[in-house]
Amino acid sequence: MGTSGFALLLALQILLPVLAEEGSRPRQLIVIANRTLAVENLTQTTIANIYRRKLLVDDRGNAFVPVNLPATNPLRRVFSTALLKQSPRELETYWNEQYYQGISPPYVVASSEAVIRFVATTAGAIGYVLDCNLSDAVIVAFRVQLDFSTDQIAAPCD
Amino acid sequence: MAVGNRIPNHGARRAAAALGCALAALAGWSAPAYATDAAAFNPAPEPGHGYSLADLRLNLGGYITVRLKDLKGEPVQFDLRDINLLGTWIPTARWIFLAEFKVHNPIAITADRVSGADAEVGLERLYADYAVSPQLAMRVGKILTPIGRWNLTHADPLEWTVTRPLVTVLPFATRATGVSVHGALAFDSGNVLDYTLYVDGSKALDPLRDDIATEDIELRRLHNAFDTAVGGQLRYHFWDDRAELGASYSNIQVRGLKDRSHLFGVDGRCFWRQVEFTSEALIRYSDGTRENSEWGVFVQAAIPLVESLHAIVRLEQFKGDRAATRARLGTFGLAYRPQSSMVFKLEYRLGGHNQAVAPDGAFASASVLF
């Protein structure tokens, strides 16, 4: 084995444990809700229908207020695929048709920090963040385990 | 949707962001709604879905279409086909008010004249919607008649073709005025059943209603305006909402006809390998006579060719006994969607026994949903 081969082995010996630790670290997408919501009733199907605006009010007549990250955000793509079963791009046709029926898509904010701030201060609000961004200001409604081999989140924690 | 009573008030910054979003949408520019760091924490509408006045809980938008048509035996015409303005007001969580105004053909240009003589201004929809429960809402006012699928999504930017299948417009009034209840029932599987029941009293509530012809013809003996109607529609969404099936029934009293009519319709849409298939079939017949029966069907495929460019193929057949309303048609075209809210279309329609209702010809259009 030459010098270059030895250097490669050394580099792998140093890097592999780091990569393995990062790859195996549990990371979840957390659906968060304002404290006014009864989260025990929020199943995956219910959350999907809130985000599709099929469900506009709860049993007491209070509005559900879902909030999204921008369509280009990797976490939105993961959320959309996992819970709504379609990518943001696939849903564009759906939202154009809903808009014509008077139903607009969820509001958009720029970052996970903004999602938490919005959900914490807005009655009936519901959003999603990574577990590393979770805050005590909101309550957890639902957890989605992420698969790093398929969920492409470039900057997972901001 | 403006749910402003539950959105923190950030005043001018949000208004500025909303205005920027609206202008961007009108310009066909799909930049993010949050254009500045200062606006980054403010909730904003998804781009391309109207201009939101969140403090007033009001959303304003619409669509516009320009068109070129070259029908056999007629001069080539360029027209501003539609300007539709759509406003929604959501004062509380349970209430939604919607109004849609339409200006049709305000300007038509041919080789020898510029005219506004065919201009029509009208109220497409005007209703109040009250959410009785999560699964039930009541609607009062002028609505799109819940028959088939095309009629409910007929805005030009939402469709793949310039022309509309005959079966989606000739046998029934495309708008009804009265009361309806509607809602969505979700199943654990994720599938959803939408339902609508309606009672129409157009004769008393909308005396200005008129028979609706296709845009290219005026069949004087053709009647499809409702005096009264009662009916409903079921629509089942499945395969992660990549497929849906609809069924419609209406019992109608058509203006000018002696007997009441039954109208049955089925429709479907399915996405398979990025190809969108749609179809509708409908039959209408009267209690007392077969004289006024009509039926029709169409199937359509939108096939992706390259990014944003689709080939469109539609075959249809329509048969009516009242007038010269029987035709077999084929429509073949291209649709280019640089954004989901903007579409450029080019198509050619040809057929048999179709000169009276849908003559052979070429069409092109550009439409923007804003």
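The values are calculated or read from the model by the stated rules, or taken from the named source; none is laboratory data. Quick caveat, the model's predicted, so the values are computed rather than measured. Reconstructed Cβ throughout: ideal geometry from the backbone, glycine too, with neighbour counts over all protein chains shown. To get the accessible areas, we keep the full protein, side chains included, count just its heavy atoms, and leave off ligands, DNA and RNA. Shrake-Rupley method; radii C 1.70, N 1.55, O 1.52, S 1.80 Å.
Tabulated values for the structure
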quantity	calculated
Spatial separation of Cα centroids for the range B:46-70 and the range B:106-162, in angstrom	13 Å
Peptide B:87-97 - average C-beta neighbours from other chains (10 Å radius)	3
Equivalent ellipsoid semi-axes - Cα gyration tensor, the range B:52-196, angstrom	34, 19, 13
Cross-link table B:Lys69/B:Lys203; B:Lys142/B:Lys203; A:Lys54/B:Lys142; A:Lys85/B:Lys142, entries beyond 24 Å C-alpha to C-alpha	B:Lys69/B:Lys203; A:Lys85/B:Lys142
Cα-based shape type of the range B:59-369, given that a ≥ b ≥ c are square roots of the gyration tensor eigenvalues and the cut on a/c is 1.5	rounded
Members of the range B:329-366 that become less accessible by 40 Å² or more once partner protein chains are added (1.4 angstrom probe, chain alone as reference)	B:Ser340
Other protein chain Cβ atoms within 10 Å, averaged over every residue that makes up A:59-71	4
Segments A:93-101, B:103-111 sorted - mean Cβ within 10 Å per residue, highest first	A:93-101, B:103-111
Of every Cα-Cα pair in the range B:225-312, the percent that sits beyond 23 Å	41 percent
Normalised contact order of the range B:59-369, rounded percent, pairs of Cα under 8 Å and 6 or more residues apart	14 percent
Rg/Rg_globular for the range A:30-96, with Rg_globular taken as 2.2 N^0.38 Å and Rg from C-alpha atoms	1.12
Radius, Kirkwood style, for the range A:26-145 when every pair of distinct Cα atoms is counted (Å)	14.2 Å
Residues with amide H under 5 Å from that of B:Arg164, placed H, sequence gap 5 or more	none
Most to least accessible of B:Lys102, B:Lys72, B:Lys319 (protein chains only, probe 1.4 Å)	B:Lys72, B:Lys319, B:Lys102
Average other protein chain Cβ within 10 Å of Cβ, residues A:88-101	6
Burial ranking of peptide ranges B:242-252, B:186-196 (average Cβ count within 10 Å, highest at the top)	B:242-252, B:186-196
Mean separation of Cα contacts under 8 Å, 6 or more apart, over the residue count of the range A:61-134: relative contact order %	44 percent
Residue-level accessible surface for B:Lys203, protein heavy atoms, 1.4 Å, Å²	130 Å²
Simple label model, 7 Å out from Cα along Cβ direction - B:Lys72 to B:Phe332, nm	1.5 nm
Residue-by-residue Karplus 3J(HN,Hα) for the range A:48-59, coefficients 6.51, -1.76, 1.60, Hz, glycine and proline x	4, 6, 5, 6, 7, 6, 7, 10, 9, 9, 8, 4
In Hz, Karplus ³J(HN,Hα) per residue of the range B:79-86 (6.51, -1.76, 1.60; θ = phi - 60°; x = Gly, Pro)	9, 7, 5, 9, 10, 10, 10, 10
Cα Rg over Rh - the range B:110-244, Kirkwood	1.03
Per-pair calculated FRET efficiency, R0 = 41 Å: B:Gln274 and B:Val140 via Cβ, rounded to 0.05	0.55
Probe 1.4 Å, all protein chains present, accessible-area order of B:Cys270, A:Cys132, largest first	A:Cys132, B:Cys270
Relative contact order [Cα under 8 Å, 6+ residues apart], the range B:51-113, whole percent	31 percent
Accessible area that becomes buried as A packs against B, both chains, 1.4 Å probe, Å², nearest 100	4400 Å²
